[in-house]
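To start, the structure under review is shown below, and the notes come after it.
The values are calculated or read from the model by the stated rules, or taken from the named source; none is laboratory data. None of these values were measured; they are calculated from a predicted model. Every residue, glycine as well, gets a Cβ built from its backbone with ideal geometry; the counts of neighbours run over all protein chains shown.
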Amino acid sequence: MLAGMMQGLPVHEWAELDTDKITFSPQLLDYCKVNACGKYNRSWTCPPACGTMEEQKKNILLHRKALVFTTKHELEDSFDYEGMNRGRDLHTNLTIDIGKSFARILEAGGFSVYGAGSCPICSGKDEGACAGNFVARCAFPDPCPHPDEKIGSIEAAGIDVTELSKAAKIAYNNGPNTVTYFSMITYN
């Protein structure tokens with residue numbers, strides 16, 4: 001099933017692994033607590049609203065398998081923030097598309113989608129948002145208007161992406177002047 005679904009997509013690398021191979025690190029949540037990305041207490045998929053790492057780990061481990069996939073984006077140099085943002089937007093669009101494919105295949109749900117950073121769904125539905133520019137305007141603290149489409153944050157779940165790349169046997173770093181983004185879908 002996965003090989004057919006992933007064929008032809010602009011994915012750099014992908015792998016399937018057992019969820020019990022995923023490493024969780026509470027130290028990662030320290031970045032959340034200091035609000036390094038500006039989403040702490042401002043998004044349903046970021047702390048504290050997303051739940052504790054233990055709660056998220058329990059939910060992830062309810063699924064037996066994880067599809068981990070990456071996209072790689074070339075940059076002009078290591079300070080090419082526009083290129084990084086373009087790459088993240090492309091990666092996010094791909095994550096949304098792959099999540100929709102899982103929804104069609106797994107009719108009863110039974111899967112969760114995790115992407116790079118905070119959930120982008122509301123920005124794509126907000127008429128004021130620039131098309132393709134995912135600067136999410138989450139409804140938080142109001143109820144999430146799209147709970148079935150919500151994309152969790154790998155980082156906010158406390159998942160160590162370096163260790164995730166090792167477990168999946170895919171590259172974390174793809175060389176100078178590149179950026180690599182990770183997403184994960186858990187399922188049975």
Residue check: is residue 65 of a type in the set (D, E, K, R), in contact with a His (Cβ under 6 Å, 6 or more places away or on another chain) and surrounded by 13 or more Cβ atoms within 10 Å (Cβ to Cβ)?
-> no
Within the stretch 152-165, restricting attention to residues that are aliphatic (A, V, I, L, M) and assigned to a loop (DSSP other than H, G, I, E, B), which residue is surrounded by the fewest Cβ atoms within 10 Å (Cβ to Cβ)?
-> 154
The one condition residue 119 fails out of (1) over 13 Å from residue 155 (Cα atoms); (2) out of contact with any strand residue (DSSP E or B) (no Cβ under 6 Å at 6 or more places or on another chain) is (1)
Among the residues of the stretch 23-39, is there at least one that is over 22 Å from residue 162 (Cβ atoms) and either loosely packed, with under 12 Cβ neighbours inside 10 Å or within 17 Å of the chain's Cα centre (by Cα) (or both)?
-> yes
Does residue 48 satisfy the condition of being exposed (fewer than 13 other Cβ atoms within 10 Å of the Cβ), over 14 Å from residue 184 (Cα atoms) and in contact with a strand residue (DSSP E or B) (Cβ under 9 Å, 6 or more places away or on another chain)?
-> no
Looking only at the stretch 18-48, and only at residues there that are of a type in the set (Val, Ile, Thr) and farther than 22 Å from residue 147 by Cα, the one that is modelled with the lowest pLDDT | 34
Can you name the condition, by its number, that residue 118 falls short on among (1) modelled with pLDDT of 90 or more; (2) crowded, with 18+ Cβ neighbours inside 10 Å?
-> (1)
Looking at this structure, is residue 51 at pLDDT below 90 and of a type outside the set (Ser, Thr, Tyr)?
-> no
Being surrounded by fewer than 19 Cβ atoms within 10 Å (Cβ to Cβ) and modelled with pLDDT of 95 or more, is that true of even one residue in the stretch 143-151?
-> no
